[in-house]
Amino acid sequence: MLRMKNLSKIYRTHMIETHALRGFEINVQQGEFVTVTGPSGSGKTSFLNIAGLLEEFTDGEYILDGINVKGMDDNARSRLRNEKLGFIFQGFNLIPDLSLFDNVDVPLRYRGFNSAERKERIEDALAKVGLSSRMKHYPAELSGGQQQRVAIARALAGSPKLLLADEPTGNLDTQMARGVMELLEEINAQGTTILMVTHDPELAVRSQRNVHIIDGQVADLVRKAPTLVQPHSHTA
Amino acid sequence: MFQYYFMLGLRSLRRNPALTALMVLTLAVGVAASIATLTILHVMSGDPIPHKSDRLLVPVIDNGPLAGYTAGDEPNDRQLSYRDATNLLANKVAGRSTALYGISVAVEPARKDLPLFNARGLAATSDFFNMFEVPFRYGQGWSPAEDKSAADVVVLSRKLAEKLYGDSDPVGQRLRINGQQYQITGVLDTWNVVPRFHRIIGTPDGAFGDEDELYLPFATSVRHETQRNGNSSCSGDIAPGYQAYLDSECTWIQFWFELRSARERGALQDYLNSYATEQRKLGRMQRQAPNKLYDVREWLDYMKVVGNDNKLSAWLAFGFLVLCLVNTIGLLLAKFSVRAAEVGIRRALGASRREIFQQFLIETTVIGLAGGLLGLLLAFGALALIAMQSKALTVVAHMDWQMLLLTFALSVLAAVVAGLLPTWRACQTTPALQLKSQ
């Protein structure tokens, strides 16, 4: 699903060069749930931004779902991002003056779906995260956990192949975090590949594989047996 | 996507109401100032008779004295003497021609409730009505035969006819003017030609004055020695008496030719030159100045109907619009800078830079449309204020549909131009940076 080979990312100013990633290698299979851990400044976010086509890398190779992304122009990268990827952020990143319905609608608009298909997808996605009844509400009217569920619905609405999550439970209390984590596991069980950056060792051990990054390089790969997900009700 | 972006644009108007209101107001004020001055310029400089403006020509022949004249000087006057006017009326080149001059008469109404009053009129030949396509409400103008016989006939303006006879048709009735009975042959409909190109000289408000109240045949007016109302230019002494005045080189008559085709202009010029040469043999026109012909647009230009002050006002108004634009750019930068997070989110969700550019540009278009709407109201207000300044400005200070469309176009264009830099900057947002900082 995602393969990076000898990838490097260097931030340059007129004074200094910072190597965020160097000789970075990773291979994520279709359907995997991979957590990425590492100390602050280790390169986790740079990795996630490059994986999400939000930043360009300096050198190396990056294959996303069989497509070599090197040298792609902004339009092609944006289209690929829209079709293949879903994002979940620590700060939820919902657009405050759009209703939940319209927030989930945003990536579908860029995809070019017609009105009927968009409506169906939005309703399905919000139903999946248990927020069908609040479609007309605005983000400020929801709890943090509910906002993150909307962000997950938005990420899922376009049926992405890879879900990128950057500390998705970082701003949530334990109970809400558990609910979000269970939802992600359920989504993964349905076949969506998930790549999640986290600081939380407890969440890291729940994934199938943990990638530890230190100084811009993969330090450790731990493969575990897949977690069995039980059906459950959502709480937030 | 246009519809989606337009809807987002409408929503964004509500996002920072104070900032939005300030932007819309800034744009509206700039647009209103520009449109108000441009409207006046547009009406003033418009072609009053576009389908034949190149076929209606004014001759300028310099019959001034040689003393004190240097070659290249401006002609003595733009009007003709009686001798030249009557001679040129006999030309065989133009399809139609008319000589005209302003008159002032005393009208004695038949109605007992109306006292005697003075009216401003025009003495012209019968071709006048067809040449300038004067609209008639009742009847018609007089005939060439009545020109020839200097018949006592009159055409009234609609305003004067309504004053004297109400709404009824007075054609055939007799009206006492300057103690003589005149038969009414026609009543004009409202004749709002702007600028009044045929009557620039000798009226208080020039090309933007009121229409004349009545029309008499040129020969009749001369026969009755009707009081002139206009400019007259005489050099040297003239003998006493009206006939001496007619025989003099005094210039007081405006003259117009109408050609059948604009291609005949050369032939008319030749005719004018040969006429002047012939007159020189008689001891006249010793200046040997070039004889000139001006079509309607050239005539308006030559007579400086649109003054330099009007043009300067328009430039100043556009300068003000530029100032407003600079302010709008600042306000848009402020408005869009707080949207960096949204740009980051949209980019992460699949929007390309081009799509963000389109979205923000359409948002500025919405602001432009709102500014145009308010600008239109302000422009109407400004024109109403301008119209209150003078009678002449009342004629020109009105907006037509062209200017109305231009108001919106200018406002949207101004907003888009103002929005280019802020929109470009919004597109440069690094999504990763914005998403992390949330």
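Bear in mind that the values in this text are calculations on the coordinates, not laboratory data. Everything quoted here is computed from the prediction, not taken from an experiment. Cβ placement follows ideal geometry from the backbone for every residue including glycine, while neighbour counts extend to all protein chains displayed.
Got the relative contact order for chain B handy, in percent, Cα pairs under 8 Å and 6 or more residues apart?
30
Could you name the lysines whose alpha carbon sits less than 30 Å from that of A:Lys119, not counting residues in the same chain fewer than 8 places away?
Of all the lysines, those that pass the test against A:Lys119 - Cα under 30 Å, at least 8 places apart if same chain - are A:Lys84, A:Lys128, A:Lys136, A:Lys161, B:Lys436.
How much space per residue, in cubic angstrom, does the convex hull of the C-alpha atoms of the protein assembly as shown take up?
Spread over its residues, the Cα hull of the protein assembly as shown gives 236 Å³ apiece.
Can you tell me the orientation of helix B:401-427 relative to chain B, as the angle in degrees between its alpha-carbon axis and the longest Cα principal axis, to the nearest 10?
Helix B:401-427 and the main axis of chain B meet at about 30 degrees.
Note down the nm distance, to one decimal, between modelled labels 7 Å out along Cα→Cβ at B:Gln180 and at B:Asp237.
Modelled inter-label distance: 3.1 nm.
Under 30 Å from the Cα of B:Lys52, which lysines turn up, not counting those fewer than eight places away in the same chain?
B:Lys92, B:Lys148, B:Lys159, B:Lys292, B:Lys304, B:Lys311, B:Lys391
With point charges of +1 on the Cβ of Lys and Arg and -1 on the Cβ of Asp and Glu, referenced to the Cα centre of chain B, which listed residue (B:Pro50, B:Leu378, B:Tyr101) lies farthest in the positive direction of the dipole?
B:Leu378
Taking every pair of Cα atoms in segment B:70-205, average 1/r, invert it to obtain the Kirkwood radius, and report Rg/Rh to two decimals.
Value, to two decimals: 1.00.
Mind running the shape call on segment A:2-223? Use the C-alpha gyration tensor, a ≥ b ≥ c as the square roots of the eigenvalues: rounded below 1.5 for a/c, prolate if a/b tops b/c, oblate otherwise.
Prolate is the answer for segment A:2-223, as a/c is 1.5 or above and a/b outweighs b/c.
Among A:Gln208, A:Ala153, A:Tyr110, whose Cα sits farthest toward the positive end of the charge dipole of chain A (+1 at Cβ of Lys/Arg, -1 at Cβ of Asp/Glu, about the Cα centre)?
A:Tyr110
Compute from the Cα atoms of segment A:102-180 the Rg and the Dmax, the latter being the longest Cα-Cα distance, and quote both in angstrom.
Answer for segment A:102-180, Rg first and Dmax second: 12.6, 39 Å.
At 222 nm, what helix-only mean residue ellipticity would the protein assembly as shown give, in deg cm²/dmol to the nearest 500, using -39500 (n - 2.57) for each DSSP H run of four or more?
-14000 deg cm²/dmol
Given an 8 Å cut-off on Cα distances and at least 6 residues of separation, report the relative contact order of segment B:56-302 as a percent.
35
For segment B:186-232, what does the alpha-carbon gyration tensor say about shape, rounded, prolate or oblate, given a ≥ b ≥ c as the root eigenvalues, a/c under 1.5 as rounded, and a/b over b/c as prolate?
Since a/c reaches 1.5 but b/c is at least a/b, the shape of segment B:186-232 is classed as oblate.
Kindly provide the trypsin sites (Lys or Arg not before Pro) of segment B:92-157 that DSSP labels as loop, not H, G, I, E or B, and whose Cβ sees at most 13 other Cβ atoms within 10 Å.
Within segment B:92-157, the qualifying trypsin sites (Lys or Arg not before Pro) (loop, at most 13 other Cβ atoms within 10 Å) are B:Lys92, B:Arg111, B:Lys112.
State the dimensionless ratio Rg/Rh of chain B (Rg: radius of gyration of Cα atoms; Rh: Kirkwood radius).
Ratio of gyration radius to Kirkwood radius for chain B: 1.17.
Gap in Å between the Cα centre of segment B:112-139 and the Cα centre of segment B:26-93?
About 23 Å separates the Cα centre of segment B:26-93 from the one of segment B:112-139.
Placing unit charges on C-beta atoms (Lys and Arg positive, Asp and Glu negative, everything else neutral), compute the dipole magnitude of segment A:2-223 about its Cα centre in debye, rounded to 20.
In total the dipole reaches around 360 debye.
With +1 assigned to the C-beta of every Lys and Arg and -1 to the C-beta of every Asp and Glu, and no other charges, what is the dipole magnitude of segment B:56-302 about the Cα centre in debye, to the nearest 20?
With Lys and Arg at +1 and Asp and Glu at -1, about 320 debye.
What is the mean number of Cβ atoms from other protein chains located within 10 Å of the Cβ atom of each residue in peptide B:349-361, rounded to a whole number?
The mean count of partner-chain Cβ atoms within 10 Å per residue comes to 5.
Size of the dipole of the protein assembly as shown about the Cα centre, Lys and Arg at +1 and Asp and Glu at -1 on the beta carbon, nothing else charged, in debye to 20?
1100
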